[in-house]
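The values are calculated or read from the model by the stated rules, or taken from the named source; none is laboratory data. For clarity, every value in this text was computed on a predicted model and none was experimentally measured. We place every Cβ from the backbone using ideal geometry, glycine too, and count neighbours over all the protein chains shown.
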Amino acid sequence: MQRREALKNVAFLLGSAVSATTLSIVLDGCKPGTGKKTGDLFTEDQNKLVDEIADTIIPTTSTPGAKAAGVGSFVTMMVKECYPENVQNDFLKGLDDVDSRSKKAFSKTFTALSAEQRNQVLKALADDTIQQKKDDKGKETKDKSKKAADKSKYEAKVYFFQLIRELTLLGYFTSEIGAKQALAYVAIPGRYDGCTDLKPGQKAWAM
């Protein structure tokens, strides 16, 4: 199975965890020239920050976490190669916001925080994202006529936390570690069962 097909399957598996923007990118495939930035989009410090955020979202437990699966590199590659410039800019602002929140709460950058402190920062960011999405939805509902008249203004908004979370999930569950250790993996599956009950504690099947 090619990586694009695996990504498409996992996108459907995760359902609402994947935004319309990312789902369309996965289904359409990355197209040359989609990302407008040239050269290195992320600094070394930003790459490390993405690694640590991803590893906080999927930490090492009984199975290796996101960092062990190389998810950070997947996330930065996807943002640089597959998303338009406005999303790239918002993603970079989101990384700055994570560090700003960390410094405000604990007087340290995110990468210098303990695991518990990192969880607190991301939990607050997740809560704020949920509220922001509700507020934005209310504004759009209020102004339906303008939405119809100017569709470009109301393109699906990409929220930093939602984007990094869904790319972390996509990257992890399509990695060898995610498929073989976090999920139940069968290299050569047999028949297809569309609806199979899982026993208590049984892992979901890898795509």
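Scanning region 98-139 for residues that are surrounded by fewer than 16 Cβ atoms within 10 Å (Cβ to Cβ) and either in contact with a Leu (Cβ under 8 Å, 6 or more places away or on another chain) or small (Gly, Ala, Ser) (or both) yields Ser100, Ala105, Ser107, Thr111, Ala112, Ser114, Ala115, Ala124, Ala126, Gly138. Against the conditions (1) outside any helix (DSSP H, G or I); (2) buried (at least 16 other Cβ atoms within 10 Å of the Cβ), Thr61 satisfies every one except (2).
Can you list the helices (runs of 4 or more DSSP H) lying wholly within region 83-170 that have 2 or more residues being at pLDDT below 95 and closer than 20 Å to Leu41 by Cβ? Talk me through it step by step, then tell me what you get.
Numbers: elements: 85-106, 115-142, 144-149.
Output list reads 85-106.
For region 65-114, the candidate set comprises residues that are basic (Lys, Arg) and without any contact (Cβ under 8 Å) to a residue 40 or more places away in the chain; within that set, the residue that is nearest to Leu49 (Cα to Cα) is Lys67. Do we have Asn47 as in a helix (DSSP H, G or I), at pLDDT below 90 and not hydrophobic (A, V, I, L, M, F, W, C) here? Considered against the rule, which asks whether it is in a helix (DSSP H, G or I), at pLDDT below 90 and not hydrophobic (A, V, I, L, M, F, W, C), Asn47 comes out as no.
Quick check on Lys48: is it touching a helix residue (DSSP H, G or I) at 6+ places or on another chain (Cβ under 7 Å), surrounded by fewer than 18 Cβ atoms within 10 Å (Cβ to Cβ) and of a type in the set (Lys, Arg)?
Working: touching a helix residue (DSSP H, G or I) at 6+ places or on another chain (Cβ under 7 Å): yes; surrounded by fewer than 18 Cβ atoms within 10 Å (Cβ to Cβ): yes; of a type in the set (Lys, Arg): yes.
Yes.
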